[in-house]
Amino acid sequence: MLIGYSGLLQTDGYVGYTSWLNKKSHATEKASIIHAACWAHADRNFKEVPGNPTAEDVVKLIAKLYRIESKLRDNLDLDRAAYRQEHSVPVMEVIKSILETARFRQLPKSSFGKAIHYTLERAQALPRTRQTRNLQQPR
């Protein structure tokens with residue numbers, strides 16, 4: 001699938017990508033690939049949690065990340081990496097903190113528990129969209 005590929009790989013939530021990358025036989029490829037996950041799937045998972053104020057707060061924070069990206073799209077002169085570091089990284093740190101606290105208060109199989117697990121499982125790959133100069137999030 002990705003044999004011989006080197007560079008940035010932005011993926012959706014399809015488990016095939018991560019399971020392929022995590023196989024020991026693909027260690028060489030994994031070392032040369034920067035995996036970036038998409039916030040749209042994390043956002044959707046939290047939107048599917050009915051009546052949970054914490055999930056609603058996370059949705060609002062993810063929306064803030066999208067507003068930051070929108071500003072970058074509208075202002076091509078901005079240094080993407082520096083702007084994201086200043087504006088997006090603190091928001092992502094708040095999201096991660098909220099989820100790390102909330103995960104122990106949720107049943108793992110509940111819709112909120114699954115949303116938390118999905119997002120925290122991709123905690124390293126999600127910020128990469130904010131750390132990479134040219135990568136954009138879908139609207």
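Every read-out reported here was derived from the displayed coordinates using simple, explicitly stated rules and does not represent laboratory data. None of these values were measured; they are calculated from a predicted model.
In deg cm²/dmol, rounded to 500, what helix-only [θ] at 222 nm does the chain give when every DSSP H run of at least 4 residues adds -39500 (n - 2.57) and the total is split over its residues?
-18000 deg cm²/dmol
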Show log10 I(q)/I(0) for the chain at q = 0.08, 0.10, 0.16, 0.21 Å⁻¹, two decimals, from a solvent-free Debye sum over equal Cα scatterers. -0.23, -0.36, -0.88, -1.26
Please report how many Lys pairs in the stretch 39-131 have alpha carbons closer than 17 angstrom, counting only residues at least 8 apart along the chain or sitting on separate chains. 9
Taking each full run of DSSP H in the chain as one helix, which ones are at least 24 Å long along their axis (Cα atoms) and have mean Kyte-Doolittle hydropathy of at least 1.0? none
